[in-house]
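Asker: Sending over a structure as structure tokens; questions will come in a sec.
The values are calculated or read from the model by the stated rules, or taken from the named source; none is laboratory data. The structure displayed is predicted, hence computed values, not measured ones. Using ideal geometry, Cβ is built from the backbone for each residue, glycine included, and neighbour counts are taken over all protein chains shown. Areas reflect the complete protein model, heavy atoms only, side chains present, ligands, DNA and RNA absent. Shrake-Rupley method; radii C 1.70, N 1.55, O 1.52, S 1.80 Å.
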Amino acid sequence: MTAGKHWSYDILKQIAIDGCTEDVEELKLMFADEIGSRRRLDCIRSIQDLIDCLERADELAEDKVEPLRRMSTNMPQLIEALNGYTPPENSRTHPVNLYQELRLAEELRQQLRIGPASQDAPPSVAAVAAAVPTPAVQNYATPAAFTDRKRTAVFKKISEELGRYWRRLGRSAGIGEGHMDTIEERYPHDLKSQILRLLQLIEEDDCHDPKHFLVRLCRALGDCGRNDLRKNVEQIMSH
């Protein structure tokens, strides 16, 4: 019996990947309009590829599981799981809490003091410098409270737990699809490096006012339904 079982979004996807007996080519035709690009269609060779592509197109997400229902025809376990699935409360359909945004901004404003720019500053995340190339010139100043240790902790936490939501985070942070396509082409099978490069782009985009990176990152995490990671970032910054 599975009554009362909590089905997470990741479990739904895994059930679909493990249990789907439909021909991949037929499913590609079913979702051709959602995928939109012939090049993307040609890259799909498995159910997991299809699910990844639908997520990147923002057609499949925690609060948009209809594509899984459409492919569940011969998967009774997936049908049962979908019927018992409840999207998380922090889904992006919820309005932004303006008071919470202002409180976060004020807390960060009090915590962070802008330090002088340093040409000899170490890479943003020293532990992953080899995985994510650092630009030849870094013109951003480093907030005194946002130390290299904290930056490494923030990047490590997000890169390990964000998973395949990274494009949703990028959209929420205002990163263009072209930049994210470039990331995916550069690191086609390296999810962690994709996420780290995205974080680097978000950080560099506000290089003239470093405190905006944390505010923008936290807000984007909330907007894409990952308030758990947003809280993790706040906790790291509070220590």
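Asker: Does Leu78 satisfy the condition of being free of Cβ contacts under 8 Å to residues at least 40 places away in the same chain and either under 26 Å from Leu162 (Cα atoms) or in a helix (DSSP H, G or I) (or both)?
Answerer: no
Results for (1) farther than 16 Å from Glu184 by Cβ; (2) open to solvent by 80 Å² or more (accessible area, probe 1.4 Å); (3) more than 24 Å from the chain's Cα centre (by Cα), shown as yes or no for each residue.
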site: Ser8; (1), (2), (3): yes, no, no
site: Gln14; (1), (2), (3): yes, yes, no
site: Thr21; (1), (2), (3): yes, yes, yes
site: Ser37; (1), (2), (3): no, no, no
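Asker: All but one of (1) surrounded by fewer than 17 Cβ atoms within 10 Å (Cβ to Cβ); (2) modelled with pLDDT of 55 or more; (3) assigned to a loop (DSSP other than H, G, I, E, B) hold for Ser72; state the number of the condition that does not hold.
Answerer: In the conditions (1) surrounded by fewer than 17 Cβ atoms within 10 Å (Cβ to Cβ); (2) modelled with pLDDT of 55 or more; (3) assigned to a loop (DSSP other than H, G, I, E, B), Ser72 misses (1) alone.
Asker: Another one. Taking Gly174 and the conditions (1) touching an Asp or Glu at 6+ places or on another chain (Cβ under 8 Å); (2) more than 14 Å from Asp52 (Cβ to Cβ); (3) open to solvent by less than 40 Å² (accessible area, probe 1.4 Å); (4) not aliphatic (A, V, I, L, M), which numbered condition does it fall short on, given that it satisfies the others?
Answerer: The failed condition is (3).
Asker: Also, quick follow-up: Would you please name the residue that is most open to solvent (accessible area, probe 1.4 Å), looking only at residues in region 216-228 that are assigned to a helix (DSSP H, G or I) and farther than 17 Å from Gln200 by Cα?
Answerer: Asp228
Asker: Taking Ala61, is it of a type in the set (A, V, I, L, M, F, W, C) and either closer than 27 Å to Ser8 by Cβ or at pLDDT 85 or above (or both)?
Answerer: Against the criterion (of a type in the set (A, V, I, L, M, F, W, C) and either closer than 27 Å to Ser8 by Cβ or at pLDDT 85 or above (or both)), Ala61 qualifies.
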